[in-house]
């Protein structure tokens, strides 16, 4: 299937209220910060903004990785870390009155702690301004071969700050890791989720997959089993959509019924919360998952 073919009808969705989107965009420019909602042009951002949730992108907008599915800017010389970024994000959270925040980041293999400290600093800043706001983290893999701080120590810093949920996306099945996630490995990503549970079994863990890159249903199910084997609690499944003609093409558009079938299998495997559908993204309905878990 090629990019020039029209999208299936189930992938056409309005962006949401322009007022909700423009309000966040205005604040992002005002504070000089970034959201993955905007950088990734997420189709759900209007809905999330209206529900008082957003996903902030830490450490600038330039990633040291070059994953073949992602449209975030790539480069080996990102800007220096902004020491005021945590305070700026906390101010934006307070201004927007957000109830649930997801913190993610570009990969920063150039930093000694690969950005773990900025996650912690931002969590502290938000809690000082908005103590009732829940914070989920979506981190890189803090891979073992870069930086001076070990993968485990990077993760331990963030776990000690007690996020409401610790998310790390596996993105795709084992066979496709190389061409899809340049610089990451299947084993290292599973290790991230395992380490979180070893450090604090009470923190729910979460991961997500993009479908449509050439994976088979059998491979997806095996991936779900591998995630459950390391104690992963929550799952998102969504359709991969290429950001441009220069990114990996779609091999298959999975139907809503196929997503629902996979969701049922995931629930049978023991995931406590599953969000699956063509337009589902990693932080989609994250707040609702948190509320269900709390109850």
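The values are calculated or read from the model by the stated rules, or taken from the named source; none is laboratory data. As the structure is a computational prediction, the values presented were derived from the model and not from experiment. Virtual Cβ from ideal backbone geometry, glycine too; neighbours counted across all protein chains shown.
Descriptive notes on the structure:
- Pick from segment 99-117, criterion free of Cβ contacts under 8 Å to residues at least 60 places away in the same chain and surrounded by fewer than 23 Cβ atoms within 10 Å (Cβ to Cβ), ranking: nearest to residue 165 (Cα to Cα): 117
- Flag for residue 215 being within 27 Å of residue 271 (Cβ to Cβ), in contact with a helix residue (DSSP H, G or I) (Cβ under 7 Å, 6 or more places away or on another chain), modelled with pLDDT of 95 or more and in a loop (DSSP other than H, G, I, E, B): yes
- Segment 243-271, subset exposed (fewer than 15 other Cβ atoms within 10 Å of the Cβ) and in contact with a helix residue (DSSP H, G or I) (Cβ under 9 Å, 6 or more places away or on another chain), residue nearest to residue 9 (Cα to Cα): 255
- Of all residues making up segment 86-123, the number that are part of a loop (DSSP other than H, G, I, E, B) and under 24 Å from residue 182 (Cα atoms): 10
- The one condition in (1) surrounded by 20 or more Cβ atoms within 10 Å (Cβ to Cβ); (2) over 19 Å from residue 191 (Cα atoms) that residue 127 fails to fulfil: (1)
- All conditions but one from (1) closer than 23 Å to residue 115 by Cα; (2) under 16 Å from the mean Cα position of the chain (by Cα) apply to residue 153; the one that does not is (2).
- Qualifying residues in segment 171-186 (those that are touching a helix residue (DSSP H, G or I) at 6+ places or on another chain (Cβ under 6 Å) and assigned to a helix (DSSP H, G or I)) - the one nearest to residue 247 (Cα to Cα): 177
- Complete set of residues in segment 187-202 that are more than 10 Å from residue 231 (Cβ to Cβ) and either assigned to a strand (DSSP E or B) or in contact (Cβ under 8 Å) with a residue 40 or more places away in the chain (or both): 188, 189, 190, 191, 192, 195, 199, 200
- When residue 213 is tested against the conditions (1) closer than 22 Å to residue 102 by Cα; (2) out of contact with any strand residue (DSSP E or B) (no Cβ under 8 Å at 6 or more places or on another chain); (3) in contact (Cβ under 8 Å) with a residue 60 or more places away in the chain, the lone failure is (1).
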